[in-house]
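This report concerns only the one structure given below.
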Amino acid sequence: MSFFQKLLGKPEVKKKSPPSKKKLLTTNAFREAIALKVPQESLEYCTSLWEEHPFSFAITKSRSTCLGNYKFQNGHHTITVNHDLNPYNFLITYIHEVAHQKVFIAYKGKKVPPHGLEWKQNFQKLMIPMLTEAVFPRDILIPLANHMRRPPASSTRDQSLMKALKVYDNRSINDLTFLEELAIGQSFLFKKRKFLKLEKRRTRALCLELETQKKYTVPLIAEVTLIGEIVR
């Protein structure tokens, strides 16, 4: 230890305070938080999933990267779901995230593929009680049942399911225009940017952004606003 270190004494080491424990909702508070977000017939089931392994729950602002999220941090489980989902989409997303929690608990935090077989099996098991016309209208139930045979990492990848769900957003289906409905050569507005539809592929369309002249692939299920006639 140097002379100056001896003179000044040992530096004060601040002790790290233990992570604060989040206060979980009560059962009634959780039920009230989710009651207006999911179909009424699913409310008790959703609540029972929370009661089995309670977690912090939050309804968040819209996120372009995800519909919901599960995380385990500082010994605490947290699930969030975007606020702007219609009740059927909200329910699917909620159960999707609970399935992540089930996997984490079953494997005691051991790393497994986030949307691998373990998650798929848990998601399927949790969704089975909800696959009924008492919960979902038939026009959602049919593509949802097909979706659950081999659920992808995100429901947004399933165009048939997403199109069925969008009908129940706060707009009439007559007000919706999907990119797949546009002809090649039509221009449209998507996320405040102008594009020209160039080529249709399996699930996406090759489009030209008019301002930058860059080409992008856009999902055929994307909601767009038609702004131009066919370019020949």
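The values are calculated or read from the model by the stated rules, or taken from the named source; none is laboratory data. Not measured: the values here are computed from a predicted model. Reconstructed Cβ throughout: ideal geometry from the backbone, glycine too, with neighbour counts over all protein chains shown.
Some points to look at:
- Test for Phe195: is it farther than 18 Å from Leu85 by Cα and either assigned by TED's automatic domain parsing to the domain that holds Leu85 or not charged (D, E, K, R) (or both): yes
- Residue satisfying all of: in region 165-224; within 30 Å of Val135 (Cβ to Cβ) and among the aliphatic types (A, V, I, L, M); modelled with the highest pLDDT among these: Leu165
- Residue in region 25-38 that is hydroxyl-bearing (Ser, Thr, Tyr) and either over 24 Å from Lys166 (Cβ atoms) or at pLDDT below 80 (or both) present: yes
- Among residues of region 97-113, those that are surrounded by fewer than 18 Cβ atoms within 10 Å (Cβ to Cβ) and either closer than 18 Å to Gly68 by Cβ or touching a helix residue (DSSP H, G or I) at 6+ places or on another chain (Cβ under 8 Å) (or both), counted: 5
For (1) modelled with pLDDT of 95 or more; (2) assigned by TED's automatic domain parsing to the domain that holds Trp50; (3) under 23 Å from Ser48 (Cα atoms), each residue gets a yes or a no:
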residue: His83; (1), (2), (3): no, yes, yes
residue: His100; (1), (2), (3): yes, yes, yes
residue: Trp119; (1), (2), (3): yes, yes, yes
residue: Met130; (1), (2), (3): yes, yes, yes
residue: Val135; (1), (2), (3): yes, yes, yes
residue: Asn146; (1), (2), (3): yes, yes, no
residue: Ser154; (1), (2), (3): no, yes, no
residue: Asp158; (1), (2), (3): no, yes, no
